[in-house]
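Asks: Below is one structure. I have some questions about it.
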Amino acid sequence: MQSSISLSSSYASTVSGPRHSFSLSGGSLVPSTLRFCGLRRQAFTSSSLNHHCRRRLQHSAAVTAALSNNGTGPTLFDYDLLIIGAGVGGHGAALHAVEKGLKTAIVEGDVVGGTCVNRGCVPSKALLAVSGRMRELRDDHHLKSLGLQVSGAGYDRQAVADHANNLASKIRGNLTNSLKALGVDILTGFGTILGPQKVKVGSSNKVVTAKDIIIATGSVPFVPKGIEVDGKTVITSDHALKLETVPDWVAIVGSGYIGLEFSDVYTALGSEVTFIEALDQLMPGFDPEISKLAQRVLINPRNIDYHTGVFASKITPARDGKPVTIELIDAKTKEQKDTLEVDAALIATGRAPFTQGLGLENIDVVTQRGFVPVDERMRVLDANGNLVPHLYCIGDANGKMMLAHAASAQGISVVEQVTGRDHVLNHLSIPAACFTHPEISMVGLTEPQAREKGEKEGFEVSVARTSFKANTKALAENEGEGLAKLIYRPDTGEILGVHIFGLHAADLIHEASNAIALGTNIQDIKFAVHAHPTLSEVLDELFKSAKVKAQASAPVKEAVAV
């Protein structure tokens, strides 16, 4: 499940330069590619593994007790790289570090996999898989149009919950085994930074030293003041993923990714949903045109109503036979507007960084609203804005882009830097997705953001659109409801943003995100060939419909005889 925090704050950094490279590891050429999901298997050549083993043998078996002067770092280290936090970001960084030949350890105070695997992306997708099947089986009109007859579709709540829990356990085990198999040491306990290059692990006096340290502690659900969470009738996404109950009527506070996905789950399982949104429109973090279409498809036809422009100033759990009560006030005037009585309330107001207890005060680092301040290379900044040597922070803890795969990409970028290759991650190339039915996906700028940027920098912005109704594969599935939108510069062909609402939108977005990452312009990508009939042709038609003044940047290569 992804954060409901607005994407606009994520677009502060833009970069240029190469987006791919190869590194020589143990005599083998190894591609240094971004691992977007953060969970893929990584194959290494035997020479690469032997190189890693040789590196480990070069280190001393132990290091003396921590230096008493925290302003001075040690000269010998237990590890080349120490990562505090074993979520998707920490895992991605560790795998890349091993590939680069670094002796690596991860400190984890909870369980491997972090929020994404245990309380977020992974179990939520299991629940959404169930909601998708239920919608298909209960959509008589859709089934009849395909010549199918199905009756009496139902579900077993506990079995659905077990499916989500079992998936999380399986992925958690896979991640743990992959780290161990590659020789990454997993140190159990909370990590506290004592000083430069020194970390205390757990409640014992064990101190570990490392040449470089990455903070990857992630985030926790954000609960606004006035809301009392009891874990039963007033819950966060952490509780909701356990699916201990399916309430008849649930209020969802926040209409971002988390709220939208849970509305999809709850309505598919028979609940009525009421959205409570502080801003004047639902889905405020999405492109406005996509939000409007998504509301028409995902909200209006379902058992969902909503209140916009209001705060839930107080939420009291159900007790003594009384329902959950929600007091609503006007977001602007703060005047009392209404009181709701529902069976349950889900707080989906985004996530807050988990950075307390890290010992940041020992290195003169002051958090900003809980986030660890970093520069464009994820290097931590102290209270005076100076770089803290050998210390980095990735993922939700730095707040640049609160997505699991962004954390993994940031971790890989840091490893590139500590192994001698300067690398700055282009956050505008990182895609995001909401796994509703149909799905929503996006990369780059929204149309308002692009037009604002164009106005400031003096360039024209154009928009191209294509409908899923024109796609053969979508029509074969009777899933023609959908739109793809391209925002671009007509003078240069630069892709500024792509937004998709429709069948498998989350899979389709990567052609656009990779084009942005690689610096591929529209006039070049138009020559790409897509299999027919496939949904990928939605993007093919989208790029071809753009009106670009510039010519293709590279000549067509000679034909190859086949």
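Asks: Could you tell me whether any residue of the range 354-366 is part of a helix (DSSP H, G or I) and open to solvent by less than 60 Å² (accessible area, probe 1.4 Å)?
Replies: yes
Asks: Quick check on my filter: what residues within the range 472-505 are open to solvent by 10 Å² or more (accessible area, probe 1.4 Å) and either among the small types (G, A, S) or under 23 Å from E136 (Cβ atoms) (or both)?
Replies: Listed by number, the residues that qualify are T472, K473, L475, A476, E477, N478, E479, G480, E481, L483, L503, H504.
Asks: Sticking with this one: Going by the structure shown, is K242 farther than 25 Å from H163 by Cβ and more than 19 Å from the chain's Cα centre (by Cα)?
Replies: Considered against the rule, which asks whether it is farther than 25 Å from H163 by Cβ and more than 19 Å from the chain's Cα centre (by Cα), K242 comes out as no.
Asks: OK, next. Could you go through the range 104-114 and let me know if any residue there is open to solvent by 20 Å² or more (accessible area, probe 1.4 Å), without any contact (Cβ under 8 Å) to a residue 40 or more places away in the chain and more than 21 Å from K242 (Cβ to Cβ).
Replies: No: zero hits.
One line per residue, one yes/no per condition, for (1) touching a strand residue (DSSP E or B) at 6+ places or on another chain (Cβ under 7 Å); (2) touching a residue at least 12 places away in the same chain (Cβ under 8 Å); (3) assigned by the TED database to the domain that holds E341:
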| site | (1), (2), (3) |
| --- | --- |
| R135 | no, yes, no |
| H142 | no, yes, no |
| S145 | no, yes, no |
| G152 | no, no, no |
| H163 | no, yes, no |
| G173 | no, no, no |
| F190 | no, yes, no |
| Q197 | yes, yes, no |
| V201 | yes, yes, no |
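Asks: Name the pairs: first residue in the range 437-463 and free of Cβ contacts under 8 Å to residues at least 12 places away in the same chain, second residue open to solvent by less than 40 Å² (accessible area, probe 1.4 Å), Cβ to Cβ under 8 Å, at least 6 apart or on different chains?
Replies: R451/V461
Asks: If you don't mind, there's one more thing I want to ask. Please report, ordered by residue number, the strands (runs of 3 or more DSSP E) entirely within the range 377-465 with at least 3 residues that are out of contact with any helix residue (DSSP H, G or I) (no Cβ under 9 Å at 6 or more places or on another chain) and basic (K, R).
Replies: By residue number, no strands (runs of 3 or more DSSP E) qualify.
Asks: Determine which single condition D338 fails, assuming it passes every other condition in (1) assigned to a loop (DSSP other than H, G, I, E, B); (2) farther than 30 Å from Q417 by Cα.
Replies: Every listed condition holds for D338 apart from (1).
The values are calculated or read from the model by the stated rules, or taken from the named source; none is laboratory data. In this text the structure is predicted, and so the values were computed from the model without any measurement. Glycine gets a Cβ as well: all are built from the backbone with ideal geometry, and neighbour counts include every protein chain shown. Surface areas here come from the heavy atoms of the whole protein model, side chains and all, with no ligands, DNA or RNA. Shrake-Rupley method; radii C 1.70, N 1.55, O 1.52, S 1.80 Å.
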